[in-house]
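The values are calculated or read from the model by the stated rules, or taken from the named source; none is laboratory data. None of the values given here were measured: they were computed from a predicted structure. Here the Cβ positions follow ideal geometry from the backbone for every residue, glycine too, while neighbour counts run over all protein chains shown.
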Amino acid sequence: MPSRVVVFIDAQNTYSGARRAFFAKQDDWVHGQFDPMKLAQELTASGSQGVSRQLEEVRVYRGRPHANKEPKTHSAHMKQCKAWETSGVTVIARPLRYPLKWPTEKPEEKGIDVLMALDFVTFAIDDRYDVGILVSVDTDLKPALEYVWRRTDLGKKVEVAAWRSAQLRGRLSVPGANVWCHWLYKNKYDKVCDLTDYT
């Protein structure tokens, strides 16, 4: 039987990482967008190493703008989420937190990394994947990665993915462990990019 793969994607971290890796600040904001399903399919295929793998689920985690505070941004967000869901992606969204000094200060994602970490661990315990792939460089996710890797009794394989360029080289890792990293160079970004203007 093929190994069941579930890909967990930190949407904002992955988008901003692509921007830092491959684009300049003045480039149009659509540069950095990606298609989660295409990205997950690439990761499932590129990590096969002679072992049959099957993509079971793609889960994308992101903050959701407030409809009244940021109606235009909220509308674009919902259109993008709808496009992702139509392609078969599971979208997990949590409301953004707006600081007292908003709009002078930007809204923040709160709790989304904790939810992603919890899912990564509980999916392993509940036997919902054989291979779990984390697409993020957020170090808040390291404890979840370490937990599943160290729980050898679960029999799960963990992998990570990160954009790679001269400007960006960070990745998640487990001290003393050889966790496979899918380095995503510009040619890979070009295969999975999504330049749709959802506004």
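Here's the yes/no breakdown for (1) modelled with pLDDT of 95 or more; (2) of a type outside the set (A, V, I, L, M):
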position	(1), (2)
Val5	yes, no
Tyr15	yes, yes
Asp28	yes, yes
Glu42	yes, yes
Gly47	no, yes
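If you go through the stretch 156-170 and keep only what is buried (at least 17 other Cβ atoms within 10 Å of the Cβ), under 15 Å from Val137 (Cβ atoms) and out of contact with any helix residue (DSSP H, G or I) (no Cβ under 6 Å at 6 or more places or on another chain), you end up with Glu159, Val160, Ala162, Arg164. How about the stretch 81-117: which of its residues are in a loop (DSSP other than H, G, I, E, B) and within 21 Å of Val7 (Cβ to Cβ)? Correct list: Ser87, Gly88, Val89, Glu109, Gly111.
Restricting attention to the stretch 2-27, which residues are free of Cβ contacts under 8 Å to residues at least 40 places away in the same chain and over 12 Å from the mean Cα position of the chain (by Cα)?
Pass one, the stretch 2-27, residues free of Cβ contacts under 8 Å to residues at least 40 places away in the same chain: 15-16, 19, 23-27.
The answer is Arg19, Phe23, Ala24, Lys25, Gln26, Asp27.
The residues on offer are Asp127, Asp153, Asp140, and the sole one that is of a type in the set (D, E, K, R), under 24 Å from Arg20 (Cβ atoms) and not in a strand (DSSP E or B) is Asp140.
State yes or no: is Ala144 small (Gly, Ala, Ser) and either surrounded by fewer than 22 Cβ atoms within 10 Å (Cβ to Cβ) or under 18 Å from His182 (Cβ atoms) (or both)? It would help to see each step written out before you state the result.
Numbers: small (Gly, Ala, Ser): yes; either surrounded by fewer than 22 Cβ atoms within 10 Å (Cβ to Cβ) or under 18 Å from His182 (Cβ atoms) (or both): yes.
Taking the combined requirement at face value, the residue satisfies it.
State yes or no: is Arg169 charged (D, E, K, R), over 16 Å from the mean Cα position of the chain (by Cα) and modelled with pLDDT under 95? Taking the combined requirement at face value, the residue satisfies it. Close contacts from the stretch 46-70, counting a first residue that is within 16 Å of Tyr129 (Cβ to Cβ) and assigned to a strand (DSSP E or B) and a second that is modelled with pLDDT of 95 or more and aromatic (Phe, Trp, Tyr), with Cβ to Cβ under 7 Å and a gap of 6+ residues or different chains, come to Glu56/Tyr129; Arg59/Phe8; Val60/Trp84. Among the conditions (1) out of contact with any Asp or Glu (no Cβ under 9 Å at 6 or more places or on another chain); (2) modelled with pLDDT under 95, the only one that Glu57 does not satisfy is (2). Once the stretch 28-46 is narrowed to residues that are of a type in the set (Asp, Glu) and closer than 18 Å to Asn187 by Cβ, the residue that is nearest to the chain's Cα centre (by Cα) is Asp35.
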